[in-house]
Each structure stands twice: as C-alpha cells, then as structure tokens.
Amino acid sequence: QWTGSPRPVHTMATAYVPSVQYECPVYQYVVRLGQCLRRFWNVYIMGFFIEEEEEHIPPSQIFFHKGKIVALGQTLRNKSLAIEERAQAAYRIGLLAFTGGPTAAKFAAEHMKEVAHLLQSGQAAPEARILLLQSVACWCYLNPITQRRAKFLQLVPILMAIFGNAPESSQTDVNNTLQVKFWACYTLSVMTCNNLSYMEELREHSKFKYQLQALAQKDWAGWPENFAEVLYFLIGFHRH
C-alpha cells in the first residue's frame, strides 16, 4: 500500500489573479506541480512497476494489466470480504490504470461503479475511503475519457458529500475525517484539471467555496501542495 505524497496535477492557468486569502500566482502551481510529478514518478511508480517507457506499452504488458485488473476486480466485487480488502484491490486497479495507459484505464472502468458504491458506504473506515479516493485519482489522471466516465458515475456528488460529513467527537476521528477531505480535494483536483465541465459543476456548489477556504487553512504538511487551495483556483472561486 502506497502511503507517500500524492501525485500532483497539471493546470492550464498561467495568469496572476490577486486574492486576499490566496496570494500565490497561479502560474507558480504549474512549475511546482510539474516538479512534484517527476519526483513522484521516479520514487513511487518506477520503483513499484517494471515499465520504463510510459509512452510505449508492449502487447504482452497490456495483457498483464488486463489479467491483474480482472483478478483484482473479482476481489473488489466480493461482498463476503472486508471493505478494507476490497478497497485495497480498488487502489491497485487504479495504479494499474495509471501505469498501463488508456487501454488499462478502459479495463479498469468496468470496476469503477463498485468503487463509487463503496465510497458511499457508511461502513468504510477512513483508511479504506482514502484507498478508494486514490484509486479514482489514478484512474482519472490526465485522461478525459475516464473523467467523462467518472461524471457519468456521479462521482462528483459522491465526493462532495465527503465535505459535508461532520467530524466525530474524538481527536482521532477529527484527524481521520480531515485526511479523507484532503484526499477528496486532491482527487477532485485531478478530475477537474483542464476539464471545464467539472469546473462549472463544482462552481454551482456555493457552500463549497467556503469549505475549501476553511480546509486551505489546515496543516497540509507532507503534501506537495495545498490541494484545497489548488482546487479553489481550478474551479475559479477566486474570481467571484
């Protein structure tokens, strides 16, 4: 299970927009996020998988990805297993979709409906929900086809519901809830990046602007970026 820093997103924004609470120029995100992408790829992905060329995936490797995804999909759909085990399978499907290119992402799409259902489960522990969010982020990363499929699966309303969850009484519960929201911010950033339809849909949620402002003030230590702030800019809330 990967527990390191999340994969960064690319943005098309280059203009500086003054803001009272968010003073960093948007273009600076592009530079920093690009650097984080290279570090993440070299440390986590290349260290976990054998492929050395992202652009060219031989047919034998495509069949390897398909076989692994099919086997993991059986685990994901097995309701007799613990949610944590099914979430781990979802996470690995997402990684395979990311490393295997568009063809692997197409294979993974067959299992994302189950991921969406698990994300709505009230029985899923925070650790399992984070694995599910990581799976969605890997699957949607810089892939407009899978992003459209995610929209069809109503993943935006599902993820938006996470921000409305009130934390529990103990400090541990508060911290766990906050981490899930951090990962939801990251996943929505991946889905929204360079996707106008997501930007427009999220902009319609007026309360979300203030939820992101509050999350941006939290401690994002260990993350390459404050993804509440990144998402705030991607959606265009700084213009309103």
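The values are calculated or read from the model by the stated rules, or taken from the named source; none is laboratory data. It should be emphasised that the depicted structure is a prediction, and the values quoted were computed from it without experimental measurement. When we count neighbours, we look across all protein chains shown, and the Cβ atoms used for this are built from the backbone with ideal geometry, even at glycine. For the accessible areas, the whole protein counts, side chains as well, though only heavy atoms, and no ligand, DNA or RNA atoms are used. Shrake-Rupley method; radii C 1.70, N 1.55, O 1.52, S 1.80 Å.
Residue check: is Thr172 in contact (Cβ under 8 Å) with a residue 24 or more places away in the chain, hydroxyl-bearing (Ser, Thr, Tyr) and more than 18 Å from Gly94 (Cα to Cα)?
Criteria not met by Thr172.
Looking at the stretch 202-210, is at least one residue under 30 Å from Phe107 (Cβ atoms) and either at pLDDT below 95 or of a type in the set (Asp, Glu) (or both)?
Yes, the stretch 202-210 contains a residue that is under 30 Å from Phe107 (Cβ atoms) and either at pLDDT below 95 or of a type in the set (Asp, Glu) (or both).
Would you say Ser121 is closer than 30 Å to Val174 by Cβ, without any contact (Cβ under 8 Å) to a residue 40 or more places away in the chain and either open to solvent by less than 50 Å² (accessible area, probe 1.4 Å) or not β-branched (Val, Ile, Thr) (or both)?
yes
Could you tell me whether any residue of the stretch 132-151 is assigned to a loop (DSSP other than H, G, I, E, B) and closer than 22 Å to Arg86 by Cβ?
Yes: the stretch 132-151 contains one or more residues that are assigned to a loop (DSSP other than H, G, I, E, B) and closer than 22 Å to Arg86 by Cβ.
In the stretch 61-84, is there at least one residue being surrounded by 18 or more Cβ atoms within 10 Å (Cβ to Cβ) and within 17 Å of the chain's Cα centre (by Cα)?
no
Please count how many residues of the stretch 203-236 are part of a loop (DSSP other than H, G, I, E, B) and either within 18 Å of Val156 (Cβ to Cβ) or in contact (Cβ under 8 Å) with a residue 60 or more places away in the chain (or both).
Of the residues in the stretch 203-236, 7 are part of a loop (DSSP other than H, G, I, E, B) and either within 18 Å of Val156 (Cβ to Cβ) or in contact (Cβ under 8 Å) with a residue 60 or more places away in the chain (or both).
Provide a single number: the residues in the stretch 99-118 that are over 10 Å from Ile69 (Cα atoms), open to solvent by 20 Å² or more (accessible area, probe 1.4 Å) and part of a loop (DSSP other than H, G, I, E, B).
0
Residues Gln217, Gln213, Gln154, Gln147: which one is over 25 Å from Ala125 (Cβ atoms) and surrounded by fewer than 15 Cβ atoms within 10 Å (Cβ to Cβ)?
Gln217
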